[in-house]
Amino acid sequence: GLQQWKATGGYKCFKCGEIADTIQLIQDYFKLDGYNEALEKGCQLYGIEITKESRGEYKPMKNRKPKAEEEPEKDLTQYFNECATRLQEAYTEDFYLAKRGISAATCSRFNIGLDEAYKTSENAKQIQAVVIIPTGKGSYTPRDISPQAEKRFLVQAGTHRKMFNEAAIEQTEQPLFICEGEIDALSIAEVGGVALGLGGTSMYRRLIEALKTRKSTQPLILSLDNDEAGQNCRDLIIKGIKEGIAENEISPEAAQYYVCNVSGRYKDENEALQNDRQTFTYTVQQIKGDPAKWVYINSRSATSFIDDFREGIKASVNTPAIPTGYRNLD
């Protein structure tokens, strides 16, 4: 999904909307601690000699606009409302979100809509079935739900990129689940939890920035996908929180967190909702009630070691057998 972005002189990920220069890209990919480390790594990769005596300062991408010059966010409220009305009219048990376990009531609560003539840009071809997930007054995530869709996530032109349900970061009623995707967050909401969807693993920086001004002291429940990308994202969030606290940029009370595998043996929250709604609902409610107790109990239960057990089996599949000397037994 990464393509060179001529407008900024850097790179843009068309999956999550993140824009970065080459040094930031190297820093993220190799999980390095800062600009200097990333610069040295880049020089190693491309055979560039470093002059250690240099005192030059890092300059941002030449063509990137300062925040003050960015175009103001559009107000798409009317468009969202029209799409939401269409979705409610089209919602049946065979509808895309219904099959994924998301009810019409949950869709209505978050103003999820349907655009049957969607275009990613003015000159693009129309797409007949796109779910519109608002993430702000003028931002949204479009998903192609047509059966022939080659990819679900679409790149929207001319809109700001935000986290889903970002306003929930300041709610004071219950713990806040931090999920990877919008539909994962909707899955938590479907069973009574409050969740924020990052909108992609590289969006973790937006969460860290939001925590710097957070006033709520409700704990964060880090519930990223059960794959390598999700676990790496979780580690980057934890690292960002610790660094923010150490630098007095983040209040410890506003960034208390628990790592909880809400999805169990499934890849993510929505897969868990679809395959075992009862267990998923119970898990969310238990964590919601007392996350510290849930973490304590599950870290000491036999089921908490089942994933390690499975990995051990996988690792031993191709291990050569040790002959016993008895042919029939071997």
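The values are calculated or read from the model by the stated rules, or taken from the named source; none is laboratory data. The structure presented is a predicted model; accordingly, all values stated were derived computationally and were not measured. Keep in mind that these areas ignore ligands, DNA and RNA; they rest on the heavy atoms of the full protein, side chains included. Shrake-Rupley method; radii C 1.70, N 1.55, O 1.52, S 1.80 Å.
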### Query
For the stretch 183-316, how big is the tail of P(r) above 20 Å, as a whole percent of Cα pairs?
49
### Query
Could you sort TYR282, TYR118 by accessible area so the largest value comes first, with the probe set to 1.4 Å?
TYR282, TYR118
### Message
From Cα pairs below 8 angstrom and at least 6 apart in sequence, can you work out the relative contact order of the stretch 86-154, rounded to a whole percent?
### Response
21
### Query
Can you list the HN-Hα couplings for the stretch 187-192, worked out from phi with the Karplus curve (6.51, -1.76, 1.60; θ = phi - 60°), rounded to whole Hz and with x for Gly and Pro?
5, 5, 5, 4, 10, x
### Task
With all protein chains present, calculate the accessible area of CYS233 using a 1.4 Å probe and round the result to the nearest 10 Å².
0
### Task
State the percentage of accessible surface on the stretch 94-172 attributable to carbon and sulfur atoms; use a 1.4 Å probe and exclude ligands, DNA and RNA.
46
### Task
Go through LYS267/LYS293; LYS119/LYS242; LYS99/LYS212; LYS151/LYS293 and tell me which ones have a Cα-Cα distance over 32 Å in this structure.
LYS119/LYS242; LYS99/LYS212; LYS151/LYS293
### Summary
The percentage of the accessible area of the stretch 180-221 (probe 1.4 Å, all protein chains present) made up of carbon and sulfur atoms, to the nearest whole number, is 51
### Task
Give me the accessible area per residue for the stretch 155-263, probe 1.4 Å, as a whole number in Å².
37
